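Let me begin by presenting the structure, written as structure tokens, before commenting on it.
The values are calculated or read from the model by the stated rules, or taken from the named source; none is laboratory data. For clarity, every value in this text was computed on a predicted model and none was experimentally measured. Counting neighbours? That spans all protein chains shown, and the Cβs are built from the backbone with ideal geometry, glycine included. With ligands, DNA and RNA removed, areas are computed over all heavy atoms of the protein, side chains included. Shrake-Rupley method; radii C 1.70, N 1.55, O 1.52, S 1.80 Å.
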Amino acid sequence: MGRQEEDLSALLPDDVLAAVLRRVAPRGLAACRCACRSWRALIDGRRLLRADLLPHSLAGFFLCYNALDLPEFLARPGADLAGLTLPRATVVQDHCNGLVLDWHGVLNPATGRRAYLPDPPPLPALPEEYFLEYDHLAFDPAESPHYQVFSVPSVLPAAFGRGMVAADPAADPAVHAAVSRSEWPPSPLVPSVFSSRTGRWEERSFVREGEAAGTVADMDYDSEVAQHSVCWRGALYVHRESDFVFRISLLEDTYRVIKPPKEIEALRGQSLVTLGRSQKGVYIAFIDSKRHLCVWTFDDDARDKMDWKQRYRCDLSGLALATPRRYGRWILQNANNSRDEGGNGNDDEGVLALAGQETEWDSDDEDILGTEDAIQGRYGFTILGFHPYKEIVFLHTSFRGLAYHLKSSKLEDLDDLYPKNYNDVAGFCARIENAFPYTPCWMGEL
């Protein structure tokens, strides 16, 4: 901006300048916010960017596969994804309100901005034979442009941690017994937290409110749970071992352990439980042995009686598919094949260049096919995640992606979720290991 233009804009009253900026398109408004300090203060103070730049729509899903080097992106029909920057790390660790956490750091795919994070410090109080830290994003752009990354400890599965220690003749049985009997999670819980405001990791102490989940020995499960988290109403909800959830207050330095619903607790960590955010807040769901999709919402209105409330119990057996529209198919990016075919897979990031489709995805008014077209689910159903703004659960069975509308019980086919030649690469080990819904955020900087 030239000096003369800068002087002229300074002559405008704040109300007039704010009225002009309200008419600027989202990407242009993000650029205006970065032009100078006075404009940034005006835009933030009047909350001009909040209406257009905050995440408010589902653009698609990041899918992480076994035996593939890169995650794939499943794009929703109608989403404007031209120029979307996709992560080139092997694993997407977390997503929160438009920011993506991977092994390199934090990326905003909508703006292409990235911040590389230093390695977090080790947690000396927790022996690595028993515990492992998982990183989770906490970001609420409606409250602040700054984000935090929480490195939260988790008890390793018995087969990988305590079981191996117990079988090691060189291990001290007294130490093993002491760790196994110790309360979990401890109070205080002291995770390492990275703040974009300070640019460094710091240990933060969170005092537990209420009871612990049990002892370390009680956290018994066969395999690692999908370490999903949800940022909601000033708290970070983290899915942990044996399907407990840690509710970490971002402002009060306290946390609470939320027990799973009784139906999930009875399975003792043997079920595939998914934590996510949807229309009513924080949701948890799983599919039982009879193919019932069971969904609960978290009630945090009464501070001393925080609990899950069952919202839906849906029979998935014999469901029919909604008729796909002409332009209603979701699009898989196929990043792994693009790299093999000479694409930009060696870069830190790749740019997605999908043309916007003519029809917005919305199956509310679509017809249902007859029972002869029902999905049989040869290998059963698995939950991919929740639509963040509608009560829709995304599923996959065999290699197909499905959208299940909880209110209407409609089921829609999203197309093939496996990349080209994936079965040839992975064989019987082909599977989606993790999935994250992506909601674009047009905030300017990280």
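Values computed for the structure shown
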quantity: Linear extension gain, Q279 paired with S57, 0.36 nm per residue minus alpha-carbon span; calculated: 78.7 nm
quantity: Global geometry of region 31-155, whether rounded, prolate or oblate, following the gyration tensor of its Cα atoms and the 1.5 cut on a/c; calculated: oblate
quantity: Model label zone, A67; criterion: amide N under 19 Å from point 7 Å along Cα-to-beta-carbon; scope region 420-441; calculated: 420-435
quantity: Efficiency of FRET from Cβ geometry, D14 and K262, R₀ 45 Å, rounded to 0.05; calculated: 0.20
quantity: Stretch gain in nm, segment R200-C34, where the contour uses 0.36 nm per residue and the Cα spacing is subtracted; calculated: 57.5 nm
quantity: Contour minus Cα-Cα distance for R113 and S144 (0.36 nm per residue); calculated: 9.5 nm
quantity: Percent accessible area from carbon and sulfur atoms, region 36-141, protein chains only, probe 1.4 Å; calculated: 51
quantity: Whole-percent carbon and sulfur share, accessible surface of region 253-297, 1.4 Å; calculated: 47
quantity: Over 23 Å (Cα to Cα) - which of K280/K410; K259/K390; K262/K410 fall in this group; calculated: K259/K390; K262/K410
